[in-house]
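The values are calculated or read from the model by the stated rules, or taken from the named source; none is laboratory data. In this text, all values refer to a predicted model and were calculated from it rather than measured experimentally. Because the Cβ atoms are built from the backbone with ideal geometry, glycine has one as well, and the counts that use them run over all protein chains shown.
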């Protein structure tokens, strides 16, 4: 019988976000909860004798994703979802293409690779299907810089801003070559903005507002809404977005001279709460799976 390691490998790009896990075609909340039993088996993963509910919550922000098993379990779920999307068999030889925050890639690459490849032959059950994988290789790329492969032309001066829930990654490029001193990762993702808005709404209204509601307002904008929640969200989101622009300028963005490319789910802050969307030298990539696609593309190129 043919060994799984002898199968032709399939490349799967995964973006291990703090808010959501994304593959090239799938997205789900970065939530893991260990349980003894589960009523609904639709989002349940069983691995190494433990049962986990996937995607019903959000993990708290952590600089080091290798400190517990959560992101490994999310990786298994991501591979399973992508295999189902592609109509592949649950027994697969895979090459995982993943990313790390731009400025932390060098320091964390070795430990993250060992973490993802901790078991080269994982077996698990997810959504009532048994999976047996062979992890042939783990390729790691710098989040922010990796997205350059998705830009049609990099001639001249460019800046990539990848804004996620936990971090913002910035890089400037001149004729496609990254400028070393511009490579940075800031803990200034959209999650901080959401937390600030929740705290202010709690103070004003005397009750807790669900994070999902605020996320939706940030993602869709508050135009045409005049209730207390929308007004407060609009005001604080604009303030936060203005601070992001200041950071972009501090790292070399000059309106009219440097073309700005905005990636990541947090880009909706700049799109909905600044005038950048009206500028000719600013491009918003609205594909939430762009990072995962860029990792996979780099892996395919070798």
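With 245, 229 as the choices, which residue is touching a helix residue (DSSP H, G or I) at 6+ places or on another chain (Cβ under 8 Å), part of a helix (DSSP H, G or I) and farther than 18 Å from residue 197 by Cβ? So the residue among 245, 229 that is touching a helix residue (DSSP H, G or I) at 6+ places or on another chain (Cβ under 8 Å), part of a helix (DSSP H, G or I) and farther than 18 Å from residue 197 by Cβ is 245.
Among the residues of the range 85-92, not a single one is over 22 Å from residue 300 (Cα atoms), in contact with a helix residue (DSSP H, G or I) (Cβ under 8 Å, 6 or more places away or on another chain) and surrounded by 19 or more Cβ atoms within 10 Å (Cβ to Cβ).
So which residues in the range 268-289 are crowded, with 22+ Cβ neighbours inside 10 Å and within 22 Å of residue 179 (Cα to Cα), if there are any at all? Residues satisfying the conditions do not exist here.
Quick check on the range 144-152. Is at least one of its residues more than 23 Å from the chain's Cα centre (by Cα) and surrounded by fewer than 22 Cβ atoms within 10 Å (Cβ to Cβ)? Checking the range 144-152: not a single residue is more than 23 Å from the chain's Cα centre (by Cα) and surrounded by fewer than 22 Cβ atoms within 10 Å (Cβ to Cβ). The set of residues in the range 248-260 that are part of a helix (DSSP H, G or I) and in contact (Cβ under 8 Å) with a residue 40 or more places away in the chain contains only 248. Of the residues making up the range 119-143, those that are surrounded by fewer than 17 Cβ atoms within 10 Å (Cβ to Cβ) and within 20 Å of residue 299 (Cβ to Cβ) are 120, 137.
Going by what's in this entry, would residue 13 be described as under 13 Å from the mean Cα position of the chain (by Cα), assigned by TED's automatic domain parsing to the domain that holds residue 71, modelled with pLDDT under 90 and at negative phi? Answer is no for this residue.
Set side by side, the residues 75, 105 differ, and just one is within 18 Å of residue 13 (Cα to Cα), crowded, with 16+ Cβ neighbours inside 10 Å, touching a residue at least 40 places away in the same chain (Cβ under 8 Å) and not assigned by TED's automatic domain parsing to the domain that holds residue 163, which is 75. Here the strands (runs of 3 or more DSSP E) wholly within the range 35-122 that include at least 2 residues being modelled with pLDDT of 95 or more and within 17 Å of the chain's Cα centre (by Cα) are 91-101. Note on the range 166-223: among residues that are touching a strand residue (DSSP E or B) at 6+ places or on another chain (Cβ under 8 Å) and assigned to a helix (DSSP H, G or I), the one that is surrounded by the most Cβ atoms within 10 Å (Cβ to Cβ) is 190.
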